Amino acid sequence: MIGRFATPLISLMVVLSIISCQAQLSTTFYDARCPNAPTIIRNSIRRAISAERRMAASLIRLHFHDCFVQGCDASILLDETATIQSEKTAAPNNNSVRGYEVIEAAKREVERACPGVVSCADVLTLAARDASVAVGGPSWSVRLGRRDSTTANRGAANTDLPSPFAGLDVLIDAFDKKGLTARDMVALSGAHTLGQSQCFLFRGRIYSNGSDIDAGFASTRRRGCPQSGGDGNLAPLDVVTPNSFDNNYFRNLVERKGLLQSDQVLFSGSTATIVSQYSGNPRTFAADFAAAMIKMSEIQPTLGQDGIIRNTCSAIN
Ligand code: HEM
Ligand SMILES: *[C@@H]1O[C@H](CO)[C@@H](O)[C@H](O)[C@H]1NC(C)=O
Ligand SMILES: *[C@@H]1O[C@H](CO)[C@@H](O)[C@H](O)[C@H]1NC(C)=O
């Protein structure tokens, strides 16, 4: 009797072991081939952030804008060529996303230690984690083994990256399309505890006299952002502590002092209670942020034999 089941059982086990041998992300991915990679990258990122503290914000955003287009495959880092329509000039990125040269520099240092081993996508994923830690945010362990794309998709960057003028349902939907929940979306928006926004992206809100904006806050922001002109003037996304990671972003939202329309709408509808929770509990926010960053970093990974390891992040080999 047993013999009759043995053959199908063995074939089932073979199939299962083939499935489990399929490439997957792992925290130990470079341990054998480039054990110093995470340290080299961390030191390089730390140096860039001590030279300019805002770079922490810029790197976290760069990673987000990579992951929302074809997954986290460093597609955003590719320059325009005859065959590649760069994502760098897509509307949400052009004259806005920064930090390309910092990733390129970290990649260069890793290449010196282990040529052709570490992907730009992994460098960027580690950089985002290191950036969080450098400004007082949470740490998390990064699963590695992403491969770099040979393509970019400007069209997808234009459609899939959320707009600061979007309403709550549209924002929830944009994240849902990437497998992220409304709670993930609120936690990840907490990255706006860091960094800056250009005037033209929040002008409508500060001149709206709306009931969802604190009048004193609006009047302060108007000083640096005139009704016409000054489109590129910067204001901090977190009015209280723009250079350190904390939950003040959520406390601002409760006080109707969110800078972007897409920030303030989080304190309405089905996500209002999440904002309240994070505004009162920085630890819950930090833990949820870390978990959501891991989830975001694992959207559609390119693995195994797919994609390449680029020599330089801005071009395919
Ligand atoms: C919920 C939808 C989101 C919208 C509509 C949005 C929109 C924006 C806009 C308009 C800016 C200012 C850009 C500029 O002035 O050029 C910005 C900055 C920033 N965003 Fe978001 N964002 C969203 C979610 C996220 C997420 C998920 C992250 C990362 C996890 C993130 C991280 C950042 C950071 C750190 C900055 C400041 C960058 C810097 O100073 O260089 N954002 N965002
Ligand atoms: C990107 O911005 C530059 C100005 O710095 C502009 O000349 C160019 O047309 C923009 N590209 C796109 C695709 O909008
Ligand atoms: C907002 O209020 C100011 C004066 O309090 C007024 O000058 C302005 O026209 C108002 N703006 C809108 C969009 O209603």
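The values are calculated or read from the model by the stated rules, or taken from the named source; none is laboratory data. Because the structure is a prediction, the values reported are computed rather than measured. Don't worry about glycine lacking a Cβ; one is built from the backbone with ideal geometry, like all the others, and counts go over all protein chains shown. Areas reflect the complete protein model, heavy atoms only, side chains present, ligands, DNA and RNA absent. Shrake-Rupley method; radii C 1.70, N 1.55, O 1.52, S 1.80 Å.
Quick notes on this structure:
- Residue selected from the range 190-236 under the condition touching a residue at least 60 places away in the same chain (Cβ under 8 Å) and among the aliphatic types (A, V, I, L, M), by the criterion nearest to ARG53 (Cα to Cα): LEU194
- Set side by side, the residues ARG53, ARG46 differ, and just one is assigned to a loop (DSSP other than H, G, I, E, B) and within 20 Å of the chain's Cα centre (by Cα), which is ARG53.
- Qualifying residue in the range 107-122 (condition: closer than 25 Å to LEU234 by Cα and either surrounded by fewer than 19 Cβ atoms within 10 Å (Cβ to Cβ) or not acidic (Asp, Glu) (or both)): no
- Subset of the range 56-75 that is in a helix (DSSP H, G or I) and in contact with a Cys (Cβ under 9 Å, 6 or more places away or on another chain) - its residue that is farthest from ligand 2 (Cβ to nearest atom): HIS63
- Yes/no for VAL239 being in the same structural domain as ILE172 (by TED's automatic domain parsing), over 15 Å from PRO164 (Cβ atoms) and surrounded by fewer than 22 Cβ atoms within 10 Å (Cβ to Cβ): yes
- So ARG4, is it at pLDDT below 95 and among the basic types (Lys, Arg): yes
- Any chance SER96 is in contact (Cβ under 8 Å) with a residue 12 or more places away in the chain and within 16 Å of ligand 2 (Cβ to nearest atom): yes
- Candidates GLN196, GLN227, filtered to the one that is near ligand 1 (Cβ under 8 Å from one of its atoms) and either farther than 16 Å from VAL265 by Cβ or of a type in the set (A, V, I, L, M, F, W, C) (or both): GLN196
- First in the range 280-304 and free of Cβ contacts under 8 Å to residues at least 40 places away in the same chain and of a type outside the set (Lys, Arg), second anywhere and crowded, with 18+ Cβ neighbours inside 10 Å and assigned to a helix (DSSP H, G or I), Cβ under 8 Å, 6 or more apart: THR284/TYR278
- Filter result for SER26 (modelled with pLDDT under 95, closer than 28 Å to LEU180 by Cα and among the polar types (S, T, N, Q)): no
- Residue check for ALA286: within 20 Å of the chain's Cα centre (by Cα) and within 20 Å of PHE175 (Cα to Cα): yes
- All positions within the range 149-166 that are of a type in the set (Ser, Thr, Tyr) and either free of Cβ contacts under 8 Å to residues at least 40 places away in the same chain or more than 16 Å from ligand 2 (Cβ to nearest atom) (or both): SER149, THR150, THR151, THR159
- Within the range 123-150, restricting attention to residues that are outside any helix (DSSP H, G or I) and under 19 Å from MET55 (Cα atoms), the residue that is most open to solvent (accessible area, probe 1.4 Å) is SER139.
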